[in-house]
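Working notes, beginning with the structure itself.
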Amino acid sequence: MPAAFTPADGTAPVPARLDWWKQFDDPLLDALVTDALAYNRELAAATANLRAAHALHAEGGAQRAPGGGVTGSRLRLRQSALSQPPMEGAPLLFDTQRIVDAGLALAWEIDVFGALAANETAARADAEATWWLRRHAEAAVVAETVRAYVDLQASSGRQARQRERIETLVAIADRLQRAQAIGGLARDEVEQAVAALEGQRAGLPLLEVEARNAARRLAVLTGRTPQHGLQLMADWKRAAVIAPPTLNVGDPAGLLRQRPDVGAAERRLQAAVARTGVATAALYPRIVLLGEAGVAAPPGGLDDKGAIRFAAGPRLEWGIFDLARTRARIAASEAGAEAALAEWEHATLRALEEADAAIDGWTAERTALASAASAAAASERAAAAAHTRLARGLASPLDVSRAEVERLLAEADAFERGVSTTHAWVNAHLALGAGWRDSGLDVAERGAED
């Protein structure tokens, strides 16, 4: 196990917060995530699966207690006289009888060789694996909700910047057309500016569709219809969501305790090992204590002493002639445990890989963002200098137009780098296993009550 993750720039050795999205300090985003956790249909299915696993765990525990039930019947019957051995004086036709039978039967298996305990352990591990799978679904839904929100806000920001570019290009085209009118510029330079302007106008409808699609995705993630997202678009703010400048990563050992897929794989391994115990116990006898008591008589004779019946004693079951099949089942269960071990090891290695790569990607995005921001600031200064030179007659309108275009391109690149850095920050938290609520099987119990 490595002591730390490979990237270190901008990271802190503090475990990632489970509620990491709150670091954006955005009340609207908090409300959307809360709605997603409450109403997302994938989470509803995961909660139902968790309740089912919890019920199976309870069933596994109940198998160790005595079982049985109450029986009762009222029969009208006649025995066949011809099926009985011939006896002198026996009637050729037996009378029809009415018999009432009522009783109580109990059976209690003594878990001498641990089959029932192993079965309960497997059921508990299965329930805990399902619990971790629900946590995995919860973390994924949170990350998708934040991504959709970031995409919506980024699309709104792109639209605003696109409109700004259109306005700037309109001014550039007008400036160049005036310069051409007085013979200071060739016509092809003007046509290039007009083509750039129309290209920016053509991209605006696509950005609007991008924003609407993000709104639809948000609505579905929060358990609503896509149209609901379009209705609420007017209430959402139009500013890009920027990730915090630092990332809490913890250490690899802490990651493995927090990643839901690793937790689920570990519990599946525990269940597989326990099932080898169940299979192995089939090599040995089963001892069951039986007890039964009741009455059986015609309807009017149930209170007679002769109507009472009972039976009690141990029963031994041993499939001594099925040992070959039993050993085959043991071999299969041991192979299943080996497979579960390999899957757990793979989940562990994959978690380490994904976390290390996600942190590395975020640090690279931070570096790229810093460079893009510096380039945008430099291009803004260059554009301002070009305007100054134009006012002094030291530059042409074409020089100013080129400087303005460079400024717009640099600002757009810095904006996209900021969006990419935010997405990388979100991806890092998902890779670090954060995003689920710190609750266990009680989620299933609360869901059953709801």
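Tell me the net charge near A12. Cut-off is 14 Å between Cβ atoms, A12 excluded, with +1 for each Lys or Arg and -1 for each Asp or Glu. All intermediate terms of the calculation are to be shown ahead of the outcome.
Details: positive: R17, R366; negative: D9, D251.
Neighbour charge sum, excluding A12 itself: 0.
Could you sort the peptides 255-268, 64-77, 190-203 by per-residue average Cβ neighbour count (10 Å cutoff), highest mean leading?
Numbers: 255-268: 22.0, 64-77: 10.6, 190-203: 15.5.
Going from most to least packed, we get 255-268, 190-203, 64-77.
Ordered by solvent-accessible area of protein heavy atoms (1.4 Å probe), largest first, the residues W131, W108, W362, W344 come out as W108, W344, W131, W362.
Once the other residues with Cβ under 15 Å from the Cβ of W108 are scored (Lys, Arg +1; Asp, Glu -1), what is the net sum? If you can, show how the numbers build up before the last one.
Details: positive: R64, R286, R315; negative: E109, D111, E292, E317.
Its environment carries a net charge of -1.
Structure remark: mean-square fluctuation, Gaussian network model of the chain, C-alpha springs under 10 Å; the largest value among A297, A337, A12 belongs to A297.
Note on the chain: with a GNM built from Cα contacts shorter than 10 Å, the maximum mean-square fluctuation among A139, A296, A272 falls on A296. Think of it as helices only: each DSSP H run of n ≥ 4 in the chain is worth -39500 (n - 2.57), and spread over all residues that comes to -23000 deg cm²/dmol at 222 nm. Within the listed set P86, P13, P397, the Gaussian network model of the chain (springs between alpha-carbon atoms below 10 Å) gives the highest mean-square fluctuation for P86. Here the spin labels are modelled as points 7 Å beyond Cα on the Cα-Cβ line, and at E198 and Q97 they lie 10.4 nm apart. Reducing the range 174-223 and the range 5-78 to their Cα centroids gives an inter-centroid distance of 49 Å.
The values are calculated or read from the model by the stated rules, or taken from the named source; none is laboratory data. On a predicted model such as this, the values are computed, not experimentally measured, just so you know. Heads up, the Cβs are rebuilt from the backbone with ideal geometry, glycines too, and the neighbour counts pull from every protein chain shown. For accessibility, only protein heavy atoms count, side chains too; no ligands or nucleic acids. Shrake-Rupley method; radii C 1.70, N 1.55, O 1.52, S 1.80 Å.
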